[in-house]
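The values are calculated or read from the model by the stated rules, or taken from the named source; none is laboratory data. Computed from a prediction, not measured in an experiment: that's the story for all the values here. Here the Cβ positions follow ideal geometry from the backbone for every residue, glycine too, while neighbour counts run over all protein chains shown.
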Amino acid sequence: MTPKYKRILLKLSGEALMGDDPFGINRQTIETIVAEVAQVARLGVEIGVVIGGGNIFRGLAPGAAGMDRATADYMGMLATVMNALALQDAMRQAGLASRVQSALNIEQVVEPYIRGKAIRYLEEGKIVIFAAGTGNPFFTTDTAAALRGSEVGAEIVIKATKVDGVYTADPQRDPRAQRYSRISFDEAIHRNLKVMDATALTLCRDQKLPINVFSIFKKDALRRVVLGEDEGTLVHV
């Protein structure tokens with residue numbers, strides 16, 4: 001089978017790593033996610049990953065109430081570094097070569113983000129995990145995914161969520177909600193469909209970088225997205 005995309009940027013939320021736990025990293029869940037990524041890596045697809053930190057920051061959130069926004073955002077960035085290290089370890093145990101690059105300099109722990117080096121790693125078949133978001137407060141990891149995807153020349157941003165696409169309404173509340181198979185950026189923005197935050201969505205639209213939203217917990221779904229099958233929701237120009 002020939003994949004439709006040669007290089008992808010996978011956006012993983014920190015919450016995806018929790019499984020059914022209230023916060024933190026569920027080992028079985030992270031191993032399941034890595035198994036899905038491994039399938040795609042075996043197809044010869046070059047993979048970059050941007051990971052969030054919500055699973056760790058959720059445990060810190062009560063203490064962050066009333067905190068300066070920039071300080072809280074930096075705490076969130078550090079949470080993504082912890083997740084990136086956990087993901088790298090799970091990949092190592094699954095036989096996948098990966099590198100972590102951080103937008104914040106923590107050189108005793110992870111490499112700094114260097115675009116040229118990241119591209120070289122991708123070309124060598126290594127999975128590159130981008131940590132610490134954009135390195136700036138006030139920007140989400142969605143925006144980091146759009147930015148890194150554009151920088152390294154990814155052909156698509158694939159956003160892993162807990163639902164299998166973008167719906168006309170919340171499918172858990174409205175049984176009549178229907179999944180969009182394809183939708184344009186302009187329509188997604190106009191309908192305020194919460195595919196990604198507005199900054200990320202606009203950046204992807206301007207760079208003509210499509211987004212596919214799918215469920216990371218649906219078996220083989222990531223593989224089907226990469227093969228170009230009707231899986232999740234494709235947001236396109």
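Quick notes
- Any hit, the stretch 107-118, residues being modelled with pLDDT of 95 or more, more than 23 Å from residue 200 (Cβ to Cβ) and under 15 Å from the mean Cα position of the chain (by Cα): no
- Among (1) under 19 Å from the mean Cα position of the chain (by Cα); (2) in contact (Cβ under 8 Å) with a residue 24 or more places away in the chain, the one test that residue 29 misses: (2)
- Single residue of the stretch 174-200 satisfying the filter (assigned to a loop (DSSP other than H, G, I, E, B) and charged (D, E, K, R)) that is modelled with the lowest pLDDT: 194
- Qualifying residue in the stretch 3-13 (condition: of a type in the set (Phe, Trp, Tyr) and without any contact (Cβ under 8 Å) to a residue 60 or more places away in the chain): no
- Residues of the stretch 115-152 that are closer than 30 Å to residue 191 by Cβ, in contact with a Lys or Arg (Cβ under 6 Å, 6 or more places away or on another chain) and touching a residue at least 60 places away in the same chain (Cβ under 8 Å): 130, 145.
- Candidates 222, 203, 147, 209, filtered to the one that is under 15 Å from the mean Cα position of the chain (by Cα), modelled with pLDDT of 95 or more and within 29 Å of residue 72 (Cα to Cα): 147
- A single entry from 44, 66 fulfils the requirement of being out of contact with any strand residue (DSSP E or B) (no Cβ under 9 Å at 6 or more places or on another chain), at pLDDT 95 or above, in a loop (DSSP other than H, G, I, E, B) and surrounded by fewer than 16 Cβ atoms within 10 Å (Cβ to Cβ): 44.
- Taken over the stretch 69-102, the residue count meeting the criterion of being surrounded by fewer than 21 Cβ atoms within 10 Å (Cβ to Cβ) and not in a helix (DSSP H, G or I) is 5.
Yes/no per residue for (1) assigned to a loop (DSSP other than H, G, I, E, B); (2) surrounded by fewer than 20 Cβ atoms within 10 Å (Cβ to Cβ):
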site: 117; (1), (2): no, yes
site: 129; (1), (2): no, no
site: 142; (1), (2): no, no
site: 145; (1), (2): no, no
site: 160; (1), (2): no, no
site: 164; (1), (2): yes, yes
site: 172; (1), (2): yes, yes
